[in-house]
Amino acid sequence: MTQEVSARETYGETLVKLGHENEKVVVLDADLSPSTMTHFFAQEFPQRFFDCGLEEQNMIGIAAGLAASGKIVFASSFAVFISSRCFDQARICLSQTGLDVKIIATHGGITVGEDGISHQAIEDLSLYCSLPGFTVVVPADAVETAQAIRAAAAMYGPFYVRLGRGKAPLVCPRDYQFTLGRAAVMREGRDVTIVAMGIMVAKALEAAEVLARQGVNCRVINMSTLKPLDDEMVITAASETGALVVAEEHLAQGGLGSRVAQVVAEKMPVPMSFVNLKDSYAMSGKADELLEKYGLTAAAIVQAVKSVMAKKQ
Amino acid sequence: MTEDVTAFSAQAVPPGDRLDLPPAQLEEIARKLRRHIISMIATAGSGHPGGSLSAADILAALYFHVMRHRPQDPHWSDRDRFILSKGHAAPVLYAALAESGYFSVEELGSLRKMGSRLQGHPDSKLTPGVEMSAGSLGMGLSFGIGVALAARLDNRSYWTYVLLSDGECEEGQTWEAALFAAHFKLDNLITMVDCNGMQLTGFTREVMNIEPLSQKWQAFGWNTIDIDGHDIKQILSAITQAKTKKGKPTIIIAHTIKGKGVSFMENNAKFHGKAPTSEEAAKALQELQ
Ligand SMILES: Cc1ncc(C[n+]2csc(CCOP(=O)(O)OP(=O)(O)O)c2C)c(N)n1
């Protein structure tokens, strides 16, 4: 059994380290700091932490003002609230200005579970990928989270980073080196490529294992930076393996699948298949039950690989 | 009809659709709702006990005395509407709906489970009696205004009740709605604040001070009434008083205690969004006998 670690906790701890390294780091939250784990930073640096209360839109405006005055701002809440609720503020104050604000959204996707559809952010990546100038990252595990948060702090400009609620298996190797805008090959293969992000990377690796026993060699790519996308990695995979499956915890529209398909269609058309939430909301339930019901499983990826292989020339 | 739109009276609809229970019985109902809240959340293993318990007396008064409604006919067009803006208090709403007959009390045990009609936050498409889907705070007053405006447009005499949390008085949308309701003189809308003084992280005055709350609403053009939100008689008389106020919306600021009725949950931020263990639930149920 692989070790499971909470990416939120890693985020909270990384923020504290960043706070020690750079006094320009300021953190904002909206009455969720014990859940987003920004409360670690709040305890360590009470002067540089502001709880905005239930004022998400106000928080993004304040973040922009702080950033315009030289601060490196991290703003956190649940992914649902910090994406759709304050989208206009993000569009005008962050995207159109390019200011140095890092939106770190926790509890993304359906795996937030029992709270139900009001709390399940499944359109957030579509929203933030649509905004010019935003860098959008979905780390696959806690190891990658720590590095992605550091990379965000080091690069000027607005970011949207989505983390999950639960603990997730570690999939990145010990010597893993995260580079913004660069995807990572997690497993080599020549027959087909599975492109995945977030918790779906672990499922893709599991599917590849099953398929290997059936004689199918899958390449697995962790596409943790959705924007800017690693086009080169996509084109190489399409040309070398001739078929692609994209797996994500998001609606069909506007997320990783759409972004990869756009590159494939233009640069190297090959058959593709998609594993995602299609076009509907989920419901309350345990994370694992929901993943099963809505087809975000290794088995669903195996099926998608088989269907796309059948279409291969 | 040319009569003044503000001149509706509750008597316009035939009687018999109100349960009209006396205060002593309402107190017993409120205790029952609290027991359901504890059992439901403990069974589900997640949920929000604190803000559900603080609102139990208000919902008991509304569903079992004040409101005209027909549990067998949830879409009856003349029903009074109750809109739960603070959606995380879904358990108290489900308990009130079950006890008044919208669905069986047994169904409460399905809260938050796969396939249940009782979602973690209210879903108007799934649950009979739920007027508004909620869960993202600060949206309910706007929705209530829409419902109250429709009553005016359709010449209907139903009342619209909205329950806000004090935390929601931090959201900008709440104050946009406040301006609107006063501007359009919505006196068929009765808003209540479950003012338990706490939000997720801790005490509201420490996280984001909203006081003086009554004066803020007054400055926005509202009629305000401050009450003890656990005193059934005060709740009932405040609503009666609100109904006589013409030309202005009324807000009843109900001062409550988060976690009310369970000693170790009262004023305890830990039980904002955490289920009791089975031992804690047993202890809580004992206190609520
Ligand atoms: C827009 C929005 N932001 C954040 C949350 C997460 N959240 C759920 S309840 C809560 C605070 C609850 O405090 P309050 O609104 O006063 O409710 P009560 O104390 O009555 O439970 C928060 C921050 C949310 N549901 N909606």
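Each reported figure results from applying straightforward, stated rules to the coordinates on display, with no laboratory input. Keep in mind that this is a model prediction, so the values were computed, not measured. Methodologically, a virtual Cβ is constructed for each residue, glycine included, from the backbone with ideal geometry; neighbour enumeration extends over all protein chains shown.
Structure values in brief
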{"quantity": "Sparse-neighbourhood loop sites, trypsin sites (Lys or Arg not before Pro) in segment A:209-313 - DSSP loop, at most 14 other Cβ within 10 angstrom", "calculated": "A:278, A:311, A:312"}
{"quantity": "Net charge of Cβ neighbours under 11 Å - reference residue A:276; Lys, Arg +1; Asp, Glu -1", "calculated": "-2"}
{"quantity": "Cα centroid separation, segment A:85-155 to segment B:95-129 (Å)", "calculated": "33 Å"}
{"quantity": "Distance between segment B:199-262 and segment A:160-218 - C-alpha centres, whole angstrom", "calculated": "52 Å"}
{"quantity": "0 to 90° range, to nearest 10: angle between helix A:200-213 axis and chain A longest Cα axis", "calculated": "20 degrees"}
{"quantity": "Radius 9 Å from Cβ of residue B:198, net charge of other residues (Lys, Arg +1; Asp, Glu -1)", "calculated": "0"}
{"quantity": "Partner lysines for residue B:270 [C-alpha distance under 26 Å; skip if fewer than 8 residues away on the same chain]", "calculated": "A:167, A:286, B:32, B:86, B:113, B:258, B:260, B:283"}
{"quantity": "Where the Cα pairs of the protein assembly as shown fall when distances are cut into 10 Å bins, in %", "calculated": "3, 17, 25, 23, 17, 10, 4, 1, 0"}
{"quantity": "Helix axis angle, A:142-154 relative to chain A longest principal axis, alpha carbon, degrees", "calculated": "50 degrees"}
{"quantity": "Share antiparallel - DSSP beta bridges, the protein assembly as shown, percent rounded to 5", "calculated": "15 percent"}
{"quantity": "Per principal axis, descending, Cα span of chain A in whole Å", "calculated": "60, 38, 37"}
{"quantity": "All lysines inside 20 Å of residue A:102 as judged from Cα atoms, apart from same-chain residues fewer than 8 positions distant", "calculated": "A:17, A:24, A:71, A:227"}
{"quantity": "Whole-percent pair-distance distribution, where bins are 10 Å wide, for the alpha carbons of chain B", "calculated": "7, 31, 38, 20, 4, 0, 0"}
{"quantity": "Segment B:175-227: chymotrypsin sites (Phe, Trp or Tyr not before Pro) in DSSP coil with no more than 15 other Cβ atoms inside 10 Å", "calculated": "B:184"}
{"quantity": "Antiparallel bridges, percent of DSSP beta bridges restricted to segment B:139-258 (to nearest 5)", "calculated": "5 percent"}
{"quantity": "Segment A:55-166 shape via C-alpha gyration tensor axes, a/c threshold 1.5", "calculated": "oblate"}
{"quantity": "GNM flexibility winner over chain B from B:216, B:32, B:243 (Cα, springs under 10 Å)", "calculated": "B:216"}
{"quantity": "Degrees between helix B:172-183 axis and first principal axis of chain B (Cα, 0 to 90, nearest 10)", "calculated": "30 degrees"}
{"quantity": "Neighbour cut-off at most 13 other Cβ (10 Å), DSSP loop, trypsin sites (Lys or Arg not before Pro), segment B:46-145", "calculated": "B:125"}
{"quantity": "Per-residue mean of C-beta atoms belonging to partner chains within 10 Å, peptide B:272-280", "calculated": "1"}
